[in-house]
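The block underneath contains the structure these notes are about, expressed in structure tokens.
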Amino acid sequence: MTLIKKLSPIALATSLAIGASAIAPAAFAVEGLSANVGVTNNYIWRGLTQSINATAVQGGIDYEDASGLYVGTWVSNVEYAPGDAFSYENDIYFGYSGGFDNGIGYDIGYLYYNYDSAANFDFGEIYSSLSYGGFSLIVNTLANTEADEGPGQDFDFGGTTYYSLNYSFPVAEELELTVHAGFHDGDFNEAFNAVTESYTDYSVSLAKGPFAFTVSDTDLSDAAAGDDQLDNGAVKFLVSYTLDIDL
């Protein structure tokens, strides 16, 4: 999840057996502090499954002050192969967001992806975004990683980048449609995602309140997508539910 991941319809979660009315207001509310919890039938990140196309439970806590500075953390279960070293993802991020009088918004920050110590694949990204109306353009650039480079691979700062273009707009009362396209390029992308080339992902998501339905795909061929069990060359259908809580 990542801040960007957490806010993306692709990374939102499916159905919890709890409603917003079941959450009582905090006895001592902290202004700017919020939490989220959810579940999804498939954790998709940048078009690729992070949970072997199985259910993932996710949640996070965020704090933002009046100046626009924020910090947060987000967690999810993950699995890339039965019995592998990965079982959880814990993202930690901080940044600054604001806007101009002409309606253009901006956001810049650092995001660290933390996995099981045995996985030895933690990494960090610097991200920046511009938004206007329903449009947003986001760029995530590899900043650091503990992973070892393979022959001919470049895991240096700036060696891998993900570009994301999104547009959200209302289609009916309390019903929002989001269209997304992204491009992932660089050696670290290929190593982490077990794909053989850079790729484009795209999705369409329809959200109403905490519920969302998303169709996601990539331009990867079955061969380039790697492991057949991940089925990353196929269209993905996600049903999700996320509950936001003011603390």
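One decimal place: the segment Thr55-Ala234 gains 62.7 nm when fully extended, by the rule 0.36 nm per residue minus the C-alpha distance. For the range 100-144, the residues whose backbone nitrogen is under 12 Å from a point 7 Å from the Cα of Val179, taken along Cα to Cβ, are 135.
The HN-Hα couplings worked out from phi for the range 131-143 by the Karplus form 6.51 cos²θ - 1.76 cosθ + 1.60 (θ = phi - 60°) are 9, 8, x, x, 8, 8, 10, 10, 10, 10, 10, 4, 9 Hz, whole numbers, x standing for Gly and Pro. Once divided by 2.2 N^0.38 Å, the Cα radius of gyration of the range 3-246 becomes 1.00.
By how many nm would the segment from Leu33 to Tyr88 grow when fully extended, if each residue of separation counts as 0.36 nm and the alpha-carbon distance is taken off?
Here the segment from Leu33 to Tyr88 would lengthen by 17.4 nm.
Across all directions, the shadow cast by the convex hull of the range 148-247 built on its C-alpha atoms averages 9.0 square nanometres.
Per-residue ellipticity at 222 nm computed for the chain from its helices equals -1000 deg cm²/dmol, with DSSP H segments shorter than 4 residues left out and the rest contributing -39,500 (n - 2.57).
Label zone of Ala194 (point 7 Å out along Cα→Cβ, amide N under 12 Å): in the range 65-81 this covers 79-81.
As a ratio to 2.2 N^0.38 Å, the alpha-carbon radius of gyration for the range 103-147 is 1.49.
Taking 0.36 nm per residue of sequence separation and removing the Cα-Cα distance, the Phe100/Asn77 pair yields an extension gain of 4.5 nm. Estimated from the Cβ-Cβ distance and a Förster radius of 35 angstrom, the FRET efficiency linking Leu247 and Ser221 is about 0.15.
Here, each number is a calculation from the coordinates, and none is a lab measurement. Not measured: the values here are computed from a predicted model. Reconstructed Cβ throughout: ideal geometry from the backbone, glycine too, with neighbour counts over all protein chains shown.
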